[in-house]
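*Asks:* Can you keep this structure in mind? I'll have questions shortly.
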Amino acid sequence: MRTWEAALDRLCAVRVPEDESAELPDELFDAVDGLIDAYGADDIAEIVAQAVDSGRVTVRQATTFLHVAQWSGTDNGASMQHTLDDWLRRADDTVRLHMALHQGIFPLPTAVEMNAVLTEIAARHPERRAICEHLIAARPASA
């Protein structure tokens, strides 16, 4: 067993409130911090996605885990954002696509790239059209 797997188990055991406006439990923040420390890197996106793939957590739980992780590491989510942006550019996995689109920040480094990538995702994945259009409309052209 890899040393970080126990920390991932702890994180997967945390109950995330169904109501998205509910306060997140302190144990979630502690478990995310513990996983980042045990994994030895701020970018825990792929191992959290693998937890979804293996049925250990739901996509919604994993999305919340990554949202917390963006603000828990040492680089304010920069390294993890590279992974999330890569998932969007590939757009070949619905689990990873969902997690990358629902982080509450503008994905991809520029508005031009974001518009191009999200327009393509909306065309290829009609079920994602609404979130793509929302992100495109909300991002200023200069951002």
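The values are calculated or read from the model by the stated rules, or taken from the named source; none is laboratory data. These numbers were taken from a predicted model, which means no experiment stands behind them. Using ideal geometry, Cβ is built from the backbone for each residue, glycine included, and neighbour counts are taken over all protein chains shown. Areas reflect the complete protein model, heavy atoms only, side chains present, ligands, DNA and RNA absent. Shrake-Rupley method; radii C 1.70, N 1.55, O 1.52, S 1.80 Å.
*Asks:* Are any residues in segment 22-36 charged (D, E, K, R) and surrounded by fewer than 15 Cβ atoms within 10 Å (Cβ to Cβ), and if so, which ones?
*Replies:* E23, D26, E27, D30
*Asks:* Let me ask you something else. Return only the number of the condition from (1) open to solvent by 40 Å² or more (accessible area, probe 1.4 Å); (2) closer than 21 Å to I105 by Cβ; (3) in contact with a Cys (Cβ under 9 Å, 6 or more places away or on another chain) that Q61 does not satisfy.
*Replies:* It fails just one condition, (1).
*Asks:* Let me ask something else about it. For segment 41-143, give me every one of the helices (runs of 4 or more DSSP H) that falls completely inside it and has 3 or more residues that are touching a strand residue (DSSP E or B) at 6+ places or on another chain (Cβ under 8 Å).
*Replies:* So the answer is none; nothing clears 3.
*Asks:* Taking segment 10-21 as the search range and keeping residues that are open to solvent by 40 Å² or more (accessible area, probe 1.4 Å) and in a loop (DSSP other than H, G, I, E, B), which one is farthest from V52 (Cα to Cα)?
*Replies:* Among those that are open to solvent by 40 Å² or more (accessible area, probe 1.4 Å) and in a loop (DSSP other than H, G, I, E, B), it is S21.
*Asks:* May I ask you to list the residues in segment 96-143 that are open to solvent by 30 Å² or more (accessible area, probe 1.4 Å) and closer than 19 Å to L66 by Cβ?
*Replies:* Hits for segment 96-143 are H98, H102, G104, I105, F106, P109, R128, I131, H134.
*Asks:* I'm trying to understand the selection: among the residues of segment 91-112, which are over 22 Å from T58 (Cβ atoms) and either under 19 Å from the mean Cα position of the chain (by Cα) or in contact (Cβ under 8 Å) with a residue 24 or more places away in the chain (or both)?
*Replies:* Scanning segment 91-112 gives F106, L108, P109, T110, A111.
*Asks:* So, in segment 64-95, exactly how many residues are open to solvent by less than 20 Å² (accessible area, probe 1.4 Å), hydrophobic (A, V, I, L, M, F, W, C) and more than 18 Å from R124 (Cβ to Cβ)?
*Replies:* Count: 5.
*Asks:* So which pairs qualify, if the first residue must be in segment 1-25 and under 16 Å from I36 (Cα atoms) and without any contact (Cβ under 8 Å) to a residue 60 or more places away in the chain, the second must be among the acidic types (D, E) and outside any loop (DSSP other than H, G, I, E, B), the Cβ gap must be under 7 Å, and the two must be at least 6 apart or on different chains?
*Replies:* Filtered contacts from segment 1-25: V14/E27.
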